[in-house]
1. Which count do you get for residues in region 79-121 that are more than 26 Å from residue 429 (Cα to Cα) and in contact (Cβ under 8 Å) with a residue 60 or more places away in the chain?
2. When you check residue 507 against the structure, is it over 33 Å from the mean Cα position of the chain (by Cα), at pLDDT below 70 and in a helix (DSSP H, G or I), yes or no?
3. Determine if region 377-396 includes at least one residue that is among the aromatic types (Phe, Trp, Tyr), part of a helix (DSSP H, G or I) and at pLDDT 65 or above.
4. Does any residue of region 166-178 turn out to be at pLDDT below 75 and part of a helix (DSSP H, G or I)?
5. Of the residues that sit in region 181-204 and are polar (S, T, N, Q) and assigned to a strand (DSSP E or B), which one is modelled with the highest pLDDT?
6. I need the full set of residues from region 179-233 which are among the acidic types (Asp, Glu) and on the phi < 0 side of the Ramachandran plot, in order please.
7. Any residue that is surrounded by fewer than 16 Cβ atoms within 10 Å (Cβ to Cβ), part of a loop (DSSP other than H, G, I, E, B) and at pLDDT 80 or above - is there at least one of those in region 210-233?
8. Return the residues of region 28-69 that are at pLDDT 75 or above and either acidic (Asp, Glu) or in a loop (DSSP other than H, G, I, E, B) (or both); say none if nothing qualifies.
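The values are calculated or read from the model by the stated rules, or taken from the named source; none is laboratory data. Just so we're clear, the structure is a prediction, and the values are computed from it rather than from any experiment. Glycine also receives a Cβ, built like all others from the backbone with ideal geometry; neighbour counts cover every protein chain displayed.
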Amino acid sequence: MALKRVACLYRVSTKSQLIQNRQAEHGAPDRPGDDIPMQTKACAEFIKKQSTWKLEREYAEKGVSGYHKSADERDTLVQLKKDAAAGKFDILLVFMFDRLGRREDETPFIVEWLVQQGIEVWSVNEGQQCFNDHVDKLINYVRYWQSSGESEHTSMRVAEKHNQLVKEGKFRGGVAPYGYTLVYSGEYNKKGYERKKLVIHEPEATVVRRIFNLSCDVDIGSYKMAKILNNEGVPTRTGRNWTVQVIIRMLRNPIYKGDYVTGKVRVMRGKKVAAPKESWVHSREPVESLIIVTPSTWEQANENISIRDTKSIGLTSVKSDFLLSHVAYCGYCNAKMYPRTSPIKRQLKGTGEVAIYRSRYYSCPKKSRQGDCNGYFQYGTKRIEAAVLDEIYTCLDNINTIDISWLARSQKARLEKEHVTTLKPIVQKITSFKKEVARLEEEILKCLMGESTFTEKQLSEVIGDKSNALLALENERDSIIANTKATTAYIDELMAHENTTVSWKDEFTRADAVTQKELIGIAINRVHISRESVDITFMI
């Protein structure tokens, strides 16, 4: 009899479990953990009990979350699925089914897909997962729904613990910020690990104070700061050059005024999302031993950043105000140029007041970041845009009218194609969710008759989650349909007119800056900017 080929998948979720495992191997007390060697041993013993099984291959994921990371982001799981599709094993064995993942909207369907490929899916502790009827599918889904809930609760507990540590002015873990180093605190957590704490590292703290002084006293920006530090050979912790981003992150970090902060970023299913400032958690009182700069110095430096930072006025609005932001290129290195603004302080005559103006210019990224460009760092928008507009008006003088009906037809066809592409997966999900809700409602009837393995509360919670998700999908579908209908109706109305020609020059002259920018994008391919000239390549 041919033996069935078995593939084993092992996974630990966090780096701390790997550290815990290494400590267990070296005889550390009370550190058994849920480690890969334990999973390996359990799976090997389970295989020995099966007379027709043989171990063919093993897959291991170290420090990979089955909740925060999707299946497509887990390289080992992707390879496992490829090997399954290629028929390289007959059985997949895991220590527990949650080693495959903990996402209720994804992992159950991976298990079902594996079974559809002819793969038997087994767990050392939970047996084989079959799909003989809809109850098997329900059990499969509920298992991962419960695992997902456990992961959510774990994340909430960890976040709350971090919040409590920060409020108490204690280090919550991670890498020490520049200017500090880590030492053992003499305090131990519940698992017996000695906590660490931050202390000021004076050589780095001197550099931190200088950066804040350059911002507040000398009033220079992060670009010049990085240049000064690099020219003087001041080392970073990693040995790399100082950059604008590193300087700004340091100036923005409240730890330098003794304020621990957490909750700046939320992780939603593996994706980092910036959290609003009002939700950040701060230490109740400044930690005196960590203060490198005074609170007033920190506030002044951050106010200066807000004045200089182009993002403070919105990147979209900045770009939309620049007519050539999408077609401007450097005439020397051919790099795409970026629209930028920077503050200029001027003292008003008579009153002596200081007014802040914003200088607007196009910047070459290679010149500003790497220096390997022979052109200027920046070119003022006034001269460049005036030259391009003069050339456009000269060109438009030779064009009386242009038929735009083709553009309307093309736009309508594109919208209809996008509509189908966007709507199809949503409709498929709606159909799938409706079937699942119907199966769950059938199971509730069995529950009332005492024929189900689930409680009424468990099923009601699952149905509630699915119904909410279904409602959200239906609202999204209706919104897409309504928006597409409104847009195509407007295009049809335009095409219904007999006269579909317009005067380009008249339209361009009357248009606002955003519309002019769109028209420039239709007419111009590139604008190459240099010291001597502005070269325009027209599309027509």
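1. Summing the residues that are more than 26 Å from residue 429 (Cα to Cα) and in contact (Cβ under 8 Å) with a residue 60 or more places away in the chain in region 79-121 gives 10.
2. When the stated conditions are applied, residue 507 passes them.
3. Within region 377-396 (the criterion being among the aromatic types (Phe, Trp, Tyr), part of a helix (DSSP H, G or I) and at pLDDT 65 or above), the answer is yes, since at least one residue qualifies.
4. So far as region 166-178 goes, yes, one or more of its residues are at pLDDT below 75 and part of a helix (DSSP H, G or I).
5. Only one residue tops the list, namely 181.
6. 187, 194, 202, 204, 217, 232
7. Within region 210-233 (the criterion being surrounded by fewer than 16 Cβ atoms within 10 Å (Cβ to Cβ), part of a loop (DSSP other than H, G, I, E, B) and at pLDDT 80 or above), the answer is yes, since at least one residue qualifies.
8. Restricting attention to region 28-69, the residues satisfying the condition of being at pLDDT 75 or above are 36-63.
The answer is 45, 49, 50, 51, 52, 56, 58, 61, 63.
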